[in-house]
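Everything on this sheet refers to the single structure shown next.
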Amino acid sequence: MNARWLLIALLWGPLPAAGQQDGFAGLGSDVEGFALPDPARPLAFPRDHGPHDAFRIEWWYLTANLRGDDGRDYGAQWTLFRSALSPTGAQSGWSTPQVWMAHAAVTTPDAHHVAERFGRGGIGQAGVVAQPFAAWIDDWSLGAEGGADGLDRLAIKARGSDFAYALTAVAEGPPVAHGKDGYSVKGPGGQASHYYSQPFYRVTGQLSLPDGAVHVSGLAWLDREWSSQPLDRSQTGWDWFALHLDDGRKLMAAQVRGAEPFVFGSLIDANGRVRPLEGADIALRPGRGTPPVSWSVDLPGEGLELTVEAVNPDSAMTTSVPYWEGPVRVGGSVGGRGYLEMTGYPLD
Amino acid sequence: MNSRDAEVVSARGITKAFGTAGGTVAVLNGVDLSLRGGESVAVTGESGSGKSTLLHLIGGLDVPDAGALTVLGTDLRTAADRARAALRRDRIGMVFQQFNLIPSLTVAANLAFQARLAGRHDPARVKALAAALGLSDLMGRYPEQLSGGQQQRVAIGRALAGQPPLVLADEPTGNLDEATGDAVAALMLSLVRQQGTTLVLVTHSLRLAALCDRRVHLSAGRLA
Amino acid sequence: MTRRARLVLSALLSHWRRRPWQLVMLLAGIMLATALWSGVQAVNAEARASYARAADQLGTGALERLEPRPGTELTTADHVALRRAGWLVSPVVEGRLRAGEGRVAVLGIEPATRTTLGTAQGAAVPSGDLLAFITPPGQGHADQATAAALAGVDLGGLTIVPGTDVPPNTLVVDVGIAQRLLARGDRLSALVLAPDQPAGLPPVEGIVPQAVRAQPQGRADPAALTASFHLNLTAFALLSFIVGLFITQSAVGLAFEQRRQVVRTLRALGVPLAEVLGVLAAELALLALIAGTAGVVLGWAVAAALMPGVAATLSGLYGTDVSGGLALRPGWVLSGLAMALAGAGVAGARGLVRTARMPLLAAGQGRPWALAAARGLRGQALAAVALMAALPLCLAAGGLVGGFAAMACGLLAAALLLPVVLDAVLRALAARVRGVLTQWFVADTRQQLSGLSLALMALMLALAANIGVGTMVGSFRTTFTGWLDQRLVAELYVNARTEDEAAAIRDWLAPQVDAILPIWSAEASLRGQPGRIFGVVDHPTYRDHWPILSAQPGAWDAVAQGTGVLVNEQLYRRARLALGDSLDLPGGALPVAGVYSDYGNPSPQAILGMDSFTRRFPDAPRLNHAVRVPSDRAPALADALRVRFALPDSAVSNQAEVKALSLRIFERTFAVTAALNVLTLGVAGIALLTGLLTLASMRLPQLAPVWAAGLTRRRLARLELARTLVLAGATAVYAVPVGLGLAWMLLVVVNVEAFGWRLPMRISADLIVRLGLAALATALAAGALPALRLARITPAQLLRVFADER
């Protein structure tokens, strides 16, 4: 079976060329029959931790900045994507029109381990349940631990051919909604998604790497997003930052690249209060290279001038849909660490 | 058997030409020849003078272009292929320079071959002939196992075995060394004379020609 | 090339201008040899590529699989359980659908997990619409021919997308769609294991205890199954190649022989021997390349013509799917040219060696032919004896290759002995015959033997192969027809689409027919091979007619009572079972009560009593039935059934239709064999013609004295033709026992190894007479031209013999 065919069908589009026509990974194509994000619909938990089958795409996206007992910086990623081939259809069995894809990665300063899984909905191989929260595909899982409520305490597991990890994440703050109560606009044409995060995780656990096991601890950030047409057709990719600043604040900043870059973000204080950011609030300037693995991120209104530098510049996700995703170090007016995701660039 | 004076070969004004790459070449140009029973005639001439052609015409192997040719009463100008074959088979013995034995048959079978074809096989005579030709010990051999002189003696035996009234010999010693050739020729002549057979001997050897009753010379397509 | 070499070459090449026929023969020999060889190689390569493609794309070739133990099943839940435990598996559902006269393989795959099996899985399905693929009514991918074959089949609304990179005769669908099409419920045929699994996974046995790991080589591998067929084709090709070489050999040998004088002259004029040899070798290589190229082109045509037949044969005999098309492979072209060069080299080697050894000055006469021939014959007889001695050793070695090697030994020995035997017969005849012409005829025929023996050996091999294969196919046909009569006793066969429909049909039929006999079956592993188990009710239809080969007393009672099982001959022979042996079956072993013949089916099979069957296979689909009804009522009842249940035409077949269909498939299966037979005979005819034509020019010195001694040319020509006919006739007579021996080997050794069944040999006098006539016709066709030329030869040409130096 041709992976490319599967992926075209999965609407995660394989090539930048295809992305240029239909937005990155086909996210700009038509949405007939699918549900559309509604600004009047408030977020509700635990319901919205679970899947929204009427929407075309959805993801559960956890990134962790870790420090090992060996003193080195590490990053870990656990991502589950849901793709609906049809807004309606069977709820169970092989004919269920839901397809799942997952990516897991561990980044070290000198290595980047990646794994990818696919699964069909309706048979139990992959899925998400809102309460008690559980997301899984094969033996990878992201789920509430010890009867914890909502997303408060998660156990995270994944493995690839040359790595594995098992982490525990405990939330030290509330979930936060981006945009207008979780209605996040992604383009000048009004394309939008429902988007919330839990950026306040403290993480401990163990990484199994080719050179042996490392005990790690650090910070993690969970993104939840669902939509049916988040990109304009002309938008070819995005740059997305999720930064833990040393002063306790969290910064989400992103731009969707198109004819005009569309910039948005959230500055979250240590108590979980959000200040939505718009185009003029954020200045994102790439450094050298494609994709650029160093950036400057300025929030003039906050007096923040940050430099962002990849822990490992070679953090390309060599998955069916290639992109760049890895841990970064933050310097400038305040220190910190975080994750950078860049899509729609030509990758080797 | 023919009487001694009957005309065995009668040729009048025979012509024969062959087509070659350079045009038609007239080989015989009005040859007259008459042979009586029991006569031996030597035909001499230069290489390419048409000696062999004349012999082939007399033997019914080929047909003259013009003129009259009667051999042993058969008009060879008009005879059909079948009649000419019958004449060769029944009444003419031939000896060639190349011996031309039948390679698949033994000496004995070769000796008797034509006589048997003609229906005149006489085992006693073949045996006597073989003895006279010095072939008695070679009867079971195949032509390839014989020397040239031996092969030619078989060919002579084959020609004489059926006691034909006419024997035609084309350079019978041409492929043999002088001593062997002389011996073979002498043997042939003595046997021919014993049988009272008419002989036409084509040769370029004057020594051999001298052994015959008569000698004619072929030159420029005519006999002299 | 130096100027001198060019000069030498032109002197040598002038030979061909004078003897164009020889050139034609030389080229024809190499071309035919190359054509048949490379044609068959192309066919083989295409078939192998098809197997490889199938193996790659279906994931059934290289990868290990988990399959259910006999009597158990694998379901989607097992797939999920393994995936959740970390095992990288992908489910497949395999089966066959009836489509017109044939059956189309259905392959259900799961596209999402299939991507994780590794890169070895090529593109089985072109890009398409995943939603349409996985959701009912589904979307299937098939090549054009398969799509056409499926046109009239009820697939529940499935749309078929034609594509080129789908395995032949295969419909690729989603696993869920395949379960529906094949009425499998939630069952899976197997779970394919990715070659690289994560470390530290819990053992499979703890998750799906009912599954067994099947190594790739442990399952029915089409390449292994069909090896015998390809070996068969290759043997035919080699035979043809050798026959072609015979032609080349005689032409090359003669050309060298006749140019001895030129070579001598050239050397006398100061051309070094090495240069002469070099030019001769280069000339031969050039001719081989030209003829080889033509041969490869011709071979391509042969292959293209044979391929559909081969595909039919493979599908008919082995159930293997091979496309009827042909792809050009550069390696194949090169190997064809290499074979042409090698063949020409073998054929020319003797001539080159003899030219090299030839003294500069002509030395006397050659060896006496009689002695040389006798010596050659003794050598051939010794070689034949050695080959005959090797034959039992090959048989003892066993296996298919042993069988074929034994056949090769036997055929070669028979070929080598042919001139020896003919020579002995002619020698004996020579001592007996009376007339002088007859004696000469016999003696001369005997002498001709050495020159014609290669062509006659070729003719003999072709005839023997024809008789052998013809007898085998004929025996098969006779047996198969008889077997069909026994096996197809019921008047009607009805296939329902669903179990409900089947039950309704049973109820409807019950009052109006003599009996309804269920034909229910389930797939099962029998002695480690995938096979099928049938359940039958106790009925005279079976007791009186079933083609039992051997059975214990009361075998049908044992089957009816569930205390015995019948097995087909394939299983019986392959597993080396004996009556009374215990056979492991799902739900418990049973003793083998009897063996029945089961032709045209490569897989093992067993028959249980219906009670026993339904107990062991409660979920087996109960769709198919045989109906006993007075035969005059059958057609009307069939129509009534179709109307009453809106059944498609194909769902109800009467006995005559099924028989006709089976026989048609049978004939198609052996079409390629028939084609190869004709080709081989044709090549042998050409060998004979070329042999005669090359001999014709050498014949004149032998015939001229006979002509001079008083035979007409016409008569000589008639005798020459008669000689050819006599030799061909004698060769045909000789070929009969050889061919029958070959048939015996095919039936008793090769078939048992290849198919698992042994057939009684039926000698067909008709076939033998027909082939005898074919041999004479071949000889007549081959001998006519040389004879005609002799009859029309001018006296001048004959007279030249008396003057020319030989």
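Sequence-distant contacts, meaning Cα pairs under 8 Å at least 6 residues apart, place the relative contact order of chain A at 17 percent. Sorted ascending by nearby beta carbons within 10 Å, beginning with the fewest, B:K16, A:K180 become A:K180, B:K16. Taking Cα atoms only, the orientation of helix C:399-432 departs from the longest principal axis of chain C by about 30 degrees.
A helix-only calculation puts chain A at -1000 deg cm²/dmol for mean residue ellipticity at 222 nm, using -39500 (n - 2.57) for each DSSP H run of at least four residues, averaged over all residues. Dipole magnitude for segment B:7-223: computed about the Cα centre from +1 point charges on Lys and Arg Cβ and -1 point charges on Asp and Glu Cβ, it is near 500 debye. For the segment C:708-721, counting C-beta atoms of other chains within 10 Å of every residue's C-beta and taking the mean gives 5. Amide H contacts of A:Q229: A:A192, each under 5 Å away and 5 or more positions distant or on a separate chain (H built 1.01 Å from N in the peptide plane; Pro and chain starts excluded). Here segment B:63-169 is treated as an ellipsoid with the same Cα gyration tensor; its semi-axes, largest first and in whole Å, are 28, 14, 11. Working note: Karplus 6.51/-1.76/1.60 with θ = phi - 60° gives segment C:434-445 the couplings 9, x, 5, 5, 4, 4, 4, 4, 5, 4, 5, 4 Hz, where Gly and Pro are set to x.
Most simply put, segment B:7-223 has about 55% antiparallel DSSP beta bridges, counting only bridges with both residues inside it. In terms of other Cβ atoms within 10 Å, A:T88, C:T135, A:T63 run from fewest to most in the order A:T88, C:T135, A:T63. When the Cα gyration tensor is reduced to axis lengths a ≥ b ≥ c, the ratio a/c stays below 1.5 for chain A, which is therefore classed as rounded. For segment B:65-75, putting each phi into the Karplus relation 6.51 cos²θ - 1.76 cosθ + 1.60 with θ = phi - 60° gives couplings of 6, 8, x, 10, 9, 10, 10, 6, x, 9, 7 Hz, in residue order, rounded to whole numbers and with x for Gly and Pro. 3J(HN,Hα) couplings calculated from phi for segment C:537-551 with the Karplus curve 6.51 cos²θ - 1.76 cosθ + 1.60 (θ = phi - 60°) are, in sequence order, 7, 7, 8, x, 3, 7, 4, 8, 10, 4, x, 6, 8, 7, 7 Hz; Gly and Pro show x. The charge dipole of segment C:470-577, taken about its Cα centre with unit charges on the Cβ atoms of Lys, Arg (+1), Asp and Glu (-1) only, comes to about 720 debye. A prolate overall shape is assigned to segment C:492-628, the ratio a/c of its alpha-carbon gyration tensor axes (a ≥ b ≥ c) being 1.5 or greater and a/b exceeding b/c. In summary, the lysines within cross-link reach of B:K16, defined as a Cα separation below 23 angstrom excluding same-chain residues under 8 places away, comprise B:K51.
Computed over segment B:152-215, the alpha-carbon pair-distance distribution with 10 angstrom bins reads 21, 62, 16, each value a whole percent. Computed over the protein assembly as shown, the P(r) tail beyond 61 angstrom holds 44 percent of alpha carbon pairs. Simple rule: put +1 on each Lys or Arg Cβ and -1 on each Asp or Glu Cβ in the protein assembly as shown, find the dipole, and look at C:S603, A:V129, A:L80; the Cα lying farthest toward the positive end is C:S603.
Using only Cα atoms, tell me the angle between helix C:3-18 and the longest principal axis of chain C; keep it within 0 to 90° and round to the nearest 10. So the inclination is approximately 80 degrees. Classified by the C-alpha gyration tensor, chain B has a prolate form. Its axis ratio a/c, with a ≥ b ≥ c, is 1.5 or above, and a/b is larger than b/c. Looking at segment C:692-756, what % of the alpha carbon pairs are farther apart than 20 Å? For segment C:692-756, the share of Cα pairs beyond 20 Å comes to 54 percent. Of all beta bridges DSSP finds with both residues in chain C, what is the antiparallel percent, to the nearest 5? Antiparallel bridges: around 70 percent, rounded to the nearest 5.
The mean of 1/r over all pairs of different alpha-carbon atoms in segment B:65-123, once inverted, gives a Kirkwood hydrodynamic radius of 13.2 Å. Specify the angular offset, from 0 to 90 degrees and rounded to the nearest 10, of the alpha carbon long axis of helix B:178-195 from the longest principal axis of the alpha carbons in chain B. Taking the Cα atoms of chain B, the angle to B:178-195 is about 90 degrees.
Which one of C:A285, C:S90, C:Q41 is farthest out on the positive end of the charge dipole of chain C, using unit charges on Cβ (Lys, Arg +1; Asp, Glu -1) and the Cα centre as origin? In chain C, that residue is C:A285. As a ratio to 2.2 N^0.38 Å, the alpha-carbon radius of gyration for segment C:61-218 is 1.05. Spin-label model, C:A636/C:A503: points 7 Å from Cα along the beta carbon direction are separated by 3.1 nm. Pairs of Cα atoms nearer than 8 Å and 6+ residues apart set the relative contact order; for chain C it is 16 percent. Close amide H pairs (under 5 Å, H built 1.01 Å from N) link C:L88 with C:A194, residues at least 5 positions away or on another chain. Between C:R96 and C:V106, the built amide H atoms are under 5 Å apart, and every one of these is 5 or more places off in sequence or on another chain.
The relative contact order of segment B:7-223, computed from alpha carbon pairs under 8 Å that lie at least 6 residues apart in sequence, is 31 percent. Each residue, A:F45 and C:W744, gets one label point 7 Å from its Cα in the Cβ direction; the gap between the two is 9.0 nm. Taking 37 °C and 0.692 mPa s as conditions, chain C diffuses translationally at an estimated 107 µm²/s according to Stokes-Einstein applied to its Kirkwood radius (Cα pairs). A simple charge model with +1 on the Cβ of Lys and Arg, -1 on the Cβ of Asp and Glu and nothing else charged puts the dipole of segment A:248-325 at about 100 debye relative to its Cα centre.
The numbers here are math on the coordinates, done by the rules we state, and not lab data. Everything quoted here is computed from the prediction, not taken from an experiment. All Cβ positions, even for glycine, are placed from backbone atoms using ideal geometry, and neighbour counts span all protein chains on display.
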